[in-house]
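No value in this document is a laboratory result; all are computed from the given coordinates. The model shown is predicted, which means the values in this text are computed figures rather than measured ones. Cβ placement follows ideal geometry from the backbone for every residue including glycine, while neighbour counts extend to all protein chains displayed.
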Amino acid sequence: MNIVWMIGLSLLFLVEKHSPKALTFGRVLGVALVVLGVAVVTQPDLLHTVSGAGAEGPPPMEMR
Amino acid sequence: MSSTEVLIGDGPDTPATSYRTLPRRSTLMITVAVMVVAAIAWFFTLRMAGSMSDMVNGLGQVGRRMPNEMGIGRFLSMWSVMMVAMMAPAVIPAALAHRLVLRHRGESAVSSAAFVAGFLAVWSVVGVVYLLPFLWFRGLAADAADSWWLPVVAGSILVVAGGYQFSRQKAHCQGACCAPVTLALHNDAGTGPASALRTGVDHGIHCLGCCWALMAVLVVAS
């Protein structure tokens, strides 16, 4: 669970449900998401950054 | 004179109107009650997030965190708590508008609570849909993180979510959500808590039509 994304989305929902310009606001968000989506496809490392997982590589294996 | 005009006068029906039309005490009580419920849900959400911080919870974390062994029941209950935390504050204008309709009929606060419960129940049930991608990506091998298709799937989800913001369906649902009194009257299922619950479910479905795409971002990021 990525708390930053959850809080961010909650705030966006809050604005969308309260703003008189909600539709315009939603479309601005739409453009941002499309840009982010294209960026993730063209720059795959960005995916890990977006999700807060970092790009440092897989976690170490546990010793058995 | 329309029913909406009877309730709010000849001004525009906006979320802000919902905060102004009821007596201040009722507005305050409903707002505080919903925010307290949201705060409790956030408390539990933050605790759960802390206990799962090293596990895969989104597509972007595949290969970077440990596999997530959470069971289906636990996922659905976590999802429900998370939805209460995230969506409860967003329902306040609708809850106030619905209260305005109930007040006109002399109904009790129980019906208002049933309305909010119905709304949140829709978002909880939606967890079943989000469960499917979760079951899929949590089982992916770590080397999937370096595959060509994982960023394509994740990026496509974001592009579809962004594209939906321009759809007619989004505009319709957004328009309905931004006219809460009209929507409360339109969805009004009748008197009593059971009817209020049904009205809440109808409102939740409108909200879902408005917000599902943004919520889909969680599949990628969280």
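Shielding value for B:56-63 is 6, the average number of Cβ atoms from other chains within 10 Å of each residue's Cβ. Eigenvalues of the alpha-carbon gyration tensor of the protein assembly as shown, scaled by 5 and square-rooted, set the equivalent ellipsoid semi-axes at 38, 20, 14 angstrom, largest first.
In the protein assembly as shown, the calculated helix contribution to ellipticity at 222 nm averages -23500 deg cm²/dmol per residue, counting -39,500 (n - 2.57) for every DSSP H run with n ≥ 4.
With the simple model of a label 7 Å out from the Cα in the direction of the Cβ, B:Ala16 to B:Arg105 spans 3.0 nm. In the stretch B:12-221 the Cα-Cα distances spread across 5 Å bins starting at 0 as 1, 7, 14, 17, 17, 14, 11, 8, 6, 3, 1, 0, 0 percent of all pairs. Taking only the Cα atoms of the stretch A:3-51, the radius of gyration and Dmax are 12.7, 37 Å.
Computed from the C-beta positions of B:Trp136 and A:Thr49, the FRET efficiency with R₀ = 25 Å rounds to 0.65. Which whole number gives the average count of other chain Cβ atoms within 10 Å of the Cβ atoms across peptide A:40-46? Taking the mean over all residues of the peptide, I get 6. Under the membrane-span-like helix rule (DSSP H runs whose alpha carbons stretch at least 18 Å along the helix axis, mean Kyte-Doolittle hydropathy 1.6 or higher), chain B yields B:109-125, B:149-164. Each peptide in A:6-16, B:118-128, B:70-80 was scored by the mean count of other Cβ atoms within 10 Å over its residues; highest first, the order is B:118-128, A:6-16, B:70-80.
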